[in-house]
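Asker: What follows is a single structure, and I will ask about it in a moment.
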Amino acid sequence: METLNQVTTTIALTMGVAWASGINLYATLLMLGYLANTGNIALPPDLQILGNPLVIAAAGFMYCVEFFADKMPGVDTGWDAIHSFIRIPAGALLAAGAVGDVTPAVHLAAAILGGGLAAATHATKAGSRVLINTSPEPITNWTASIGEDIAVFAGLWVSLYHPWLFLGLLVLFIGLMIWLLPKIWLGVKKIFRFIGGLFAKGGEARDGPKKLDRL
């Protein structure tokens, strides 16, 4: 039974850091580093560097930057686009480090699963933000961002202290993403088609006077 609980705790931490990294990497690093540095949790050897004060300070600074960037319509979409190249590999690395002292094959498997989960959560966050930014309700952006921050801190806490509950909630979340991502993708495509149509009309309007001059 103890072995089963240890395995469950490791899986919950592995998937928890990957899931949270896809939403807000810096909040994830800040929380793990703070809890480790204050002795509230014992991180696996490969993640103990997160408790270093310099790492905590860097994560805290970047979290402050993201806190404001993530709440500005348009800026948040650009921020998410840039972090497609940061959150996903970081999620894979954190997941690989969370499994502890195991074989290279297990590390690789954890990195693959962690990277995939981070990619899925990042795509859900970034795609939903594109749709939210087209909404006429300005406070929606702030509500979504604050809700994401709370979800990251709460989700990580549950994964660390209630691993069975976290894994159950994660299964539900993955099911929600499977249902939601196609709808988000269709909505994003419609928005970009609309924007493309505006540029096409603008080009026709500029070309029109030139054609008249030639006539």
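Asker: What relative contact order, as a whole-number percentage, does the chain give when Cα pairs under 8 Å and 6 or more residues apart are counted?
Answerer: On the way: 239 pairs, mean separation 60.8, N = 215.
Taking the mean separation of contacting Cα pairs over the length of the chain, I get 28 percent.
Asker: Counting only helical runs of four or more DSSP H residues, what would the 222 nm mean residue ellipticity of the chain come to if each run contributes -39,500 (n - 2.57) and the total is spread over all its residues? Show your work: numbers first, answer last.
Answerer: Working: 7 runs with 179 residues, N = 215.
So the helix-based figure for the chain works out to -29500 deg cm²/dmol.
Asker: Right, another one. Where nothing but the Cβ of Lys and Arg (+1) and of Asp and Glu (-1) is charged, how large is the charge dipole of the chain around its Cα centre, in debye to the nearest 20? Please list the in-between numbers first.
Answerer: On the way: 13 positive and 13 negative charges, 225 e Å.
Its charge dipole is roughly 1080 debye.
Asker: Give the label of the value calculated from the structure for percent of Cα pairs over 20 Å apart, choosing from (i) 62; (ii) 56; (iii) 65.
Answerer: (i)
Asker: Another question about this same structure. Give the order of Ile174, Ile56, Ile82 when sorted by the count of other beta carbons within 10 angstrom, beginning with the fewest. Numbers along the way, then the final one.
Answerer: Working: Ile174 15, Ile56 19, Ile82 11.
In order of increasing Cβ crowding within 10 Å: Ile82, Ile174, Ile56.
Asker: While we're on this one: Could you list Trp79, Trp19 in order of exposure, starting from the residue whose Cβ has the fewest other Cβ atoms within 10 Å? All intermediate terms of the calculation are to be shown ahead of the outcome.
Answerer: Numbers: Trp79 16, Trp19 27.
Listing Trp79, Trp19 from fewest to most nearby Cβ atoms yields Trp79, Trp19.
Asker: Can I ask one more? Using alpha carbons only, how many degrees (0 to 90, rounded to 10) separate the axis of helix 139-161 from the longest principal axis of the chain?
Answerer: It is inclined by approximately 20 degrees.
Asker: Which whole-Hz ³J(HN,Hα) couplings does the stretch 5-22 yield from phi under the Karplus relation 6.51 cos²θ - 1.76 cosθ + 1.60, θ = phi - 60°, glycine and proline marked x?
Answerer: Karplus-based 3J(HN,Hα) across the stretch 5-22 equals 5, 5, 5, 4, 4, 5, 5, 4, 5, 4, 6, x, 5, 5, 4, 5, 5, x Hz.
Asker: To continue, here is another question. Given Cα pairs under 8 Å that are at least 6 residues apart, what percent is the relative contact order of the stretch 44-155?
Answerer: Numbers: 85 pairs, mean separation 32.5, N = 112.
So the answer I get is 29 percent.
Asker: Also: Test of understanding: ordering Arg129, Arg87, Arg193 by Cβ neighbours within 10 Å, fewest first, what list do you get? Provide the component values of the computation, followed by the final result.
Answerer: Working: Arg129 22, Arg87 27, Arg193 10.
Placing the least packed residue first, the sequence is Arg193, Arg129, Arg87.
Asker: Just to be sure I follow the rule: in the stretch 2-214, considering lysines 8 or more places apart or on different chains, how many pairs have Cα atoms under 28 Å apart?
Answerer: So the count works out to 12.
Coordinate-derived values only; no laboratory data. What you are looking at is a predicted structure, and each value in this text was computed from that prediction instead of being measured. Cβ: placed from backbone, ideal geometry, glycine included. Neighbour counts: every protein chain shown.
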